[in-house]
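First up is the structure itself, then whatever we jot down about it.
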Amino acid sequence: MADNISVKKRNGRGNEPLNIDKIHDMMEYACEDISGVSASQVEMNSGLQFYDGITTDEIQQILIKSASDLISLENPNYTYVAARLLLYSLRKKLFGKLWDHPHFADQVKSCVDAQVYDSEIFDNYERKDFDRMELWLKHDRDYDFTYAGLRQVIDKYLVQDRSTDQIFETPQFMYMMISATLFAKYPKSTRMSYVKKYYDAISTFKINIPTPVMAGVRTPMRQYASCVLVDVDDTLPSIFSSDMAIGSYVAQRAGIGINAGRIRGINSRIRGGEVQHTGVIPFLKKFESTVKCCTQNGVRGGSATVHFPIWHQEIEDIIVLKNNKGSEDNRVRKLDYSIQLSKLFYERFIENKDITLFSPHEVPELYEAWGSPEFDDLYEKAERKTSVKKTKVNAQELIFDILKERAETGRIYIMNIDHCNTHSSFKDRVYMSNLCQEITLPTDPIQHIDKEGEIALCILSAINVGKINRRYELEPLCDLAVRALDEIIDHQKYPVVAAEISTKARRSLGIGYIGLAHYLAKKGYKYDQKLAWRQIDKLTEAFQYYLLKTSNQLAKEKGKCKYFDRTKYADGILPIDTYKKEVDEIVKRDLTFDWEWLRKEIKKDGLRHSTLSAQMPSESSSVVSNATNGVEPPRDFISVKKSKKGPLKQVVPEYAKLKNNYTLLWDMKSNEGYINVVSVMQKYFDQAISGNWSYNPENYEEGQVPLSVMAEDLLNTYKYGWKTSYYQNTYDAKKDIDEPSHPVGWTDNVPEKEEVKDEENCESCTI
């Protein structure tokens, strides 16, 4: 029968008779040296039925799906079979062959000629340089991808024409080009060394890079910031200019934080009472439309989080905007919301007192003082003023309403504005955070799109701690991560002047972890064990120390950042000096590293960067690296991520060896262990951590999570110094392998609640 069947060639150049042996051979290659898999099993499972005119690509895709369907806890290694088959398909499309790749120089030239690579690469490197990079390329590292990881890389990160589905590169070419681009301006004496070291680090998944970097570095489009913070003033020029800035950055793969807390409340007098203000909701609808119409098709969905102080006049209406209740006029569901609190409001909650709500324009001094020690006195004075319009609400009722909405939507976030300032590297005020709540940088509202103000950007990366065994292994990885991101600040372009001025002056970086659950499993510790908290304390001390040490060294090499004197670091104040001392109740130990030496070096020579650390969500990029997601416990040993090409199954790293050591999210009886993990990390981080609350209703009477439990977690996260609280996840009795029951991690994309969240963060944030 096979003699009568012809197969259409992939290149479209005619047909050839079906050769079953070719399929067998390819399957044998795909299974070679992989334990626990069978080539014949993949073929049988495929149900492959041939017909005259079937294409080679159709055959390949059927086999890929068959292998991916076989991925299970009993047979996890089929993920590598499916990945190999997918890789073969990619190579055949690109080069017409499986094994031979073009010389790196030829690959670069063809992509520059196609205008998908930045032509500046040829201004920086000579042929001999490309020859050396060719020798360093390890195409066999493509075999280290899982199927889910390689699928993500192909669908989201490889340079391609999304209108024609033409792809121009393989993963190793991508990694080498990223490295070559980032270190192109380094001195020739050290440049090639850093190109190789960084390539080795990212291609072996030791350093994780976020979506804007992975998808953009090497292309003519030069915007690599994961996070953009836009502060909006209470003026029409500021609102409309901010909207333009938001659109510019959403279209270039950034996740957006918006501070709308300055906008006056509804029915406020305008022009002496000639008209009344429409309030914040119509402007939020405008921001929502901009975010969604500028979506980053194929890479990241446009997404934003809007920040408000708890004392804003319209707070009761704001907290329900995301919910399905009410009229369409009172819904702005495609934005997320962060509610800012401080010690004063926690005290009133505990004491069951009232909170007074104001329109910010009536009490401008309050907003300027928000997050500072002066706020409390000014607020209480404003409460006593009879001339100021205000409303009183019960603190417990309001905060319980916030917690209810947080539970129902998962997307009402909490920002502790005082912690964001007291445990900050800045002397300048922090008023807001970003999409995924890990970035805490100073901002200043713009009044015109082309004039000064301060839009804050943050460049992200992460260290895969699941790849390390000892703390000292962090040092070279931290050095590479800091140096690479430092280059990005100068290499990228800035569509908005206010972003360029502040970013180049502050040079803020946000480097975090992926693979923490894997790291703890390797050590044999559970999230709720004191030994785990102590281990994380040691790890994070080393991490922040090495980051600061590298930034100090770069200050000696290239000069300190322009606004260094506007940081607490300039006065010798370090994160170990400003953290909430209640954390010592969790872990109390003597510091290991020579912080006093580092303090003197920083005071003497400065830092190249105003911030170094931030913990982002990292859903998609963690999948690429075959790592557990950020600092999160896995929800199950095998998870499923939705994609346009079907479900992607991912098994936790080293499942067979470590399955008894992993902490699974829904097995945890409370948030206590996780809260302690994040609190210990926050002790050392100079920005924030995207920490989540997770609840399994099965652990509570009548299957309901009591508000009192959520309130206790709220108070504990504040007590131990959390700057922000990100998602609230609730288990709904569905197995995650069927469909994740909550929006997932970094933050790239924030769709509706019923959809699976697609990252980083903010991948933000996805990284």
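The values are calculated or read from the model by the stated rules, or taken from the named source; none is laboratory data. In this text, all values refer to a predicted model and were calculated from it rather than measured experimentally. We place every Cβ from the backbone using ideal geometry, glycine too, and count neighbours over all the protein chains shown.
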- [ ] Would you list the helices (runs of 4 or more DSSP H) that sit entirely within segment 65-128 and hold 3 or more residues that are touching a Gly at 6+ places or on another chain (Cβ under 9 Å) and buried (at least 22 other Cβ atoms within 10 Å of the Cβ)?
- [x] 78-95
TODO: Could you grab me the full set of residues in segment 72-114 that are among the hydroxyl-bearing types (Ser, Thr, Tyr) and assigned by TED's automatic domain parsing to the domain that holds Ser46?
DONE: Ser72, Tyr78, Thr79, Tyr80, Tyr88, Ser89
TODO: May I ask you to list the residues in segment 638-658 that are at pLDDT below 95 and assigned to a loop (DSSP other than H, G, I, E, B)?
DONE: Lys642, Ser643, Lys644, Lys645, Gly646, Pro647
TODO: Go through Ala505, Ala542 for me and flag whichever is under 30 Å from Met244 (Cβ atoms), surrounded by fewer than 24 Cβ atoms within 10 Å (Cβ to Cβ) and within 24 Å of the chain's Cα centre (by Cα).
DONE: Ala505
Task: Identity of the residue in segment 358-390, among the hydroxyl-bearing types (Ser, Thr, Tyr) and crowded, with 16+ Cβ neighbours inside 10 Å, that ends up nearest to Lys723 (Cα to Cα) - done: Tyr367
Task: Residues of segment 40-63 that turn out to be in a loop (DSSP other than H, G, I, E, B) and within 16 Å of Asn19 (Cβ to Cβ), as a count - done: 5
Open item on the list: Condition (residue is closer than 23 Å to Lys558 by Cβ and surrounded by fewer than 24 Cβ atoms within 10 Å (Cβ to Cβ)) applied to segment 393-404: is it met by at least one residue?
Closed with: no
- [ ] Starting from segment 610-634, take each residue that is modelled with pLDDT of 95 or more and list its partners that are part of a loop (DSSP other than H, G, I, E, B) and among the basic types (Lys, Arg), counting only C-beta distances under 7 angstrom and pairs at least six apart or across chains.
- [x] Ser610/Arg507
- [ ] Answer with yes or no whether Val7 is modelled with pLDDT of 85 or more and either on the phi > 0 side of the Ramachandran plot or outside any helix (DSSP H, G or I) (or both).
- [x] no
Open item on the list: With the requirement that a residue be among the charged types (D, E, K, R) and outside any loop (DSSP other than H, G, I, E, B), what does segment 606-637 give you?
Closed with: Glu619
TODO: Being modelled with pLDDT of 60 or more and part of a loop (DSSP other than H, G, I, E, B) is the filter here, so list the residues in segment 285-303 that pass it.
DONE: Cys294, Thr295, Gly301, Gly302, Ser303
Open item on the list: Looking for something under 20 Å from Tyr720 (Cα atoms) and not polar (S, T, N, Q) - is there at least one such residue anywhere in segment 639-648?
Closed with: no
- [ ] Consider Ser163 carefully, then state whether it is over 24 Å from the mean Cα position of the chain (by Cα), loosely packed, with under 15 Cβ neighbours inside 10 Å and over 30 Å from Leu63 (Cα atoms).
- [x] no
- [ ] May I ask you to verify whether Ala39 is in the same structural domain as Asn4 (by TED's automatic domain parsing) and touching a Phe, Trp or Tyr at 6+ places or on another chain (Cβ under 7 Å)?
- [x] no
Task: Hits in segment 13-54 - residues which are in contact with a Cys (Cβ under 8 Å, 6 or more places away or on another chain) and among the aliphatic types (A, V, I, L, M) - done: Val37, Ala39, Val42
Open item on the list: Let me confirm something: among Tyr198, Tyr125, which residue is farther than 25 Å from Tyr88 by Cα, aromatic (Phe, Trp, Tyr) and more than 24 Å from the chain's Cα centre (by Cα)?
Closed with: Tyr125
TODO: Would you please list the contacts, defined by Cβ atoms under 6 Å and residues six or more apart or on different chains, that run from a residue in segment 170-190 that is buried (at least 16 other Cβ atoms within 10 Å of the Cβ) to a residue that is modelled with pLDDT of 95 or more and of a type in the set (Ser, Thr, Tyr)?
DONE: Tyr175/Tyr199; Tyr175/Ser203; Met176/Tyr199; Ser179/Tyr198; Ser179/Tyr199; Phe183/Tyr194; Tyr186/Tyr194
TODO: Could you list all residues from segment 362-404 that are among the hydroxyl-bearing types (Ser, Thr, Tyr) and assigned to a strand (DSSP E or B)?
DONE: Thr391
